[in-house]
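Notes follow the structure.
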Amino acid sequence: MKKALIVFSDEWLQYSPTILNAIKCLEPTHKVTVLSCTNHVFPKETSIPNVHRIHTGKLLSWILRKLKSTKKFKFWRMSKAIEKLKTQEGSFDLVIGTDSMGYLLAKRAFVNPVFLSLEIKLDEHLIESKRLGIDHLIIQSEPRKDFLVGELSNVNVHYIQNAPIINSDLKKTAIDDSTTKKLIYLGNIDKGLHLDECIKCLYQLDESYTLTLKGIRIEHYYRYLKLEYADLIKANRLLIDYDYLDQNEIIYFLRSYYIGFAFYDFSGGRANDFNYLSSPSGKIFNYFAAGIPVIAHDIIGMKPVTDFNCGKLLKPPTPESLAKAICDVEANYKEISSNCEEAAKQLDFKLAFDKFLKSFNSSTSLLSTAK
């Protein structure tokens, strides 16, 4: 069996669908090793096998932040961990480095690694990565590729969206839309993500509509929600669910819902942040796979919603515009729901990843033959 290494330089491994899906796609043909980080905010998870974790405690994290040395320290520790892995495991047939730090770590230690872009970071690691060369790049879209490495030539680019793996037996749960109007927001439950507008749109709709907030709990915002929307919570129209949901269960969970929301926070200069604007939210692809129409922010990253006619884009969302968008979707619900399912098939992660793997294996075979 071949061997693969994934260098993931962030702490939220268990919340990265792209990495979890890549592992799943590789496991039938590769022994997969993952090098990752953990801290007091994102603790060690146990569901992913063969993960080498570099843990930074709360006190050390605080000291490093004060010294503005977090990145340097992380890079040094991961470099040492890679040296140890090379001694233990020898060579790898495939090495994937996530984002600029992960790729640079991989490039310095291995031949022909793959740059997997999740977040675009125009930092010193990217500058050095470009100087050393990028042979294979996995990225979500052409605009993001142009922004990241547009000036480079001879880069083998593989477009893979942050989409789920589609099971052929997946069927949408039948919804009687005359009685069940379960709206859903999946993601971080925090201020700034237009959740107040989503909640307040319930006041514009009749009592058959409910909204479920499903995601990571931010304590101060949770307290605010309980006070501000006590009436909706008491009436069971606003439901808040903080339980962790495994990636394998998300689509099944979503199938009984009616319409999904996806909005971004543009405070703190994010309105001019290309990475943020062009980043396709993974939740919209989960909505597609579940066959539920999407109402989302009108930004570059949400373009698949209109490309496949899977819902409505709003800028900016207000309770009134959200209520109208829901009515617009309802007017053509069955067709839009069908479009979502078709989009999910076309954007299937496994389909795109298998295509990348075939191309990568072919190119490395040619290199071996040339040598």
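Read-outs: derived from the displayed coordinates by stated rules, not from any lab. Quick caveat, the model's predicted, so the values are computed rather than measured. Reconstructed Cβ throughout: ideal geometry from the backbone, glycine too, with neighbour counts over all protein chains shown.
Read through the labelled values [x] 34, 24, 20; [y] 38, 24, 19; [z] 31, 29, 23 and report the label of the one computed as semi-axes √(5λ) of the Cα gyration tensor in Å from the structure.
Among [x] 34, 24, 20; [y] 38, 24, 19; [z] 31, 29, 23, the one calculated here is [y].
Residues with beta-carbon under 9 Å from that of ALA109, excluding ALA109: net charge, scoring Lys, Arg +1 and Asp, Glu -1? Could you put the intermediate results ahead of the total?
Details: positive: LYS86, LYS107, ARG108; negative: GLU83.
Result for the neighbourhood of ALA109: +2.
For TYR244, put the label point 7 Å out on the Cα→Cβ axis and report which residues of the range 204-223 keep their amide N under 13 Å from it.
Counting backbone N atoms under 13 Å from the label point, the list is 216-217.
In whole Hz, with x marking every Gly and Pro, tabulate ³J(HN,Hα) for the range 194-203 from phi via Karplus 6.51 cos²θ - 1.76 cosθ + 1.60, θ = phi - 60°.
6, 5, 4, 5, 4, 5, 5, 5, 4, 5
Name the residue, out of ALA290, ALA230, ALA344, whose mean-square fluctuation peaks in a Gaussian network model built on the chain with Cα pairs under 10 Å.
Maximum fluctuation in the GNM of the chain, among the listed residues, is at ALA230.
At most 14 other Cβ atoms within 10 Å plus a DSSP loop assignment makes a site exposed; report the longest stretch of the chain without any exposed GluC sites (Glu not before Pro).
It works out to 208-371.
Skipping prolines and chain starts, which residues have an amide H placed within reach, meaning under 5 Å, of the one on ILE189, given they are 5 or more residues away or on another chain?
Amide H neighbours of ILE189, under 5 Å, 5+ apart: ILE216, ILE218.
So, counting K/R as plus one and D/E as minus one, what does the shell of residues with Cβ under 15 Å around LYS226 add up to?
Charge balance near LYS226 sits at -1.
What helices in the chain pass both tests, a Cα length along the helix axis of 27 Å or more and a mean Kyte hydropathy of -0.5 or higher, using whole DSSP H runs?
Result, helices passing both filters: 349-370.
Looking at the range 92-129, which trypsin sites (Lys or Arg not before Pro) are in a loop (DSSP not H, G, I, E or B) and have at most 15 other Cβ atoms within 10 Å? Please report the intermediate quantities before stating the final value.
Details: sites: LYS107, ARG108, LYS121; in loops: LYS121.
Those satisfying the criteria are LYS121.
Just tell me which lysines come within less than 20 Å, Cα to Cα, of LYS66; anything on the same chain fewer than 8 places away is out.
The qualifying lysines are LYS58, LYS74.
Which whole-Hz couplings ³J(HN,Hα) result when phi for each residue of the range 234-240 is put into the Karplus expression 6.51 cos²θ - 1.76 cosθ + 1.60, θ = phi - 60°, listed in order with x for Gly and Pro?
Each residue of the range 234-240 in turn: 4, 7, 6, 9, 10, 10, 10 Hz.
Under the classification rounded if a/c is under 1.5, otherwise prolate if a/b is larger than b/c and oblate if not, where does the range 297-355 fall, given a ≥ b ≥ c as square roots of the Cα gyration tensor eigenvalues?
Oblate, because a/c is 1.5 or more while a/b does not exceed b/c.
Give me, ordered by chain and number, the residues 5 or more places off LEU118 or on other chains with an amide H under 5 Å from its own placed amide H.
Long-range HN contacts for LEU118: ASP99.
Could you give me the ³J(HN,Hα) list for the range 302-314, computed from phi with Karplus coefficients 6.51, -1.76, 1.60 and θ = phi - 60°, whole Hz, x at Gly and Pro?
9, 4, x, 4, 7, 4, 9, 6, 10, x, 10, 10, 10
Please list, ordered by chain and number, the residues whose modelled amide H lies under 5 Å from the amide H of LYS312; skip anything fewer than 5 residues away on the same chain.
Here the answer is VAL294, ILE295, ALA296, since their amide H atoms fall under 5 Å of that of LYS312.
Using a cut-off of 15 Å between beta-carbons, work out the net charge of the residues near SER100 (Lys and Arg +1, Asp and Glu -1, SER100 not included).
My count for the surroundings of SER100 gives +4.
Does the range 181-346 classify as rounded, prolate or oblate by the C-alpha gyration tensor (a ≥ b ≥ c root eigenvalues; a/c under 1.5 gives rounded; else a/b over b/c gives prolate, otherwise oblate)?
Numbers: a/c = 1.37, a/b = 1.18, b/c = 1.17.
Rounded.
For TRP62, TRP12, what's the fewest-to-most ordering of other Cβ within 10 Å of each Cβ?
Fewest-to-most ranking of TRP62, TRP12: TRP62, TRP12.
Among ILE165, ILE63, ILE336, whose mean-square fluctuation peaks in a Gaussian network model of the chain (Cα, cutoff 10 Å)?
Of the options given, ILE63 has the highest mean-square fluctuation.
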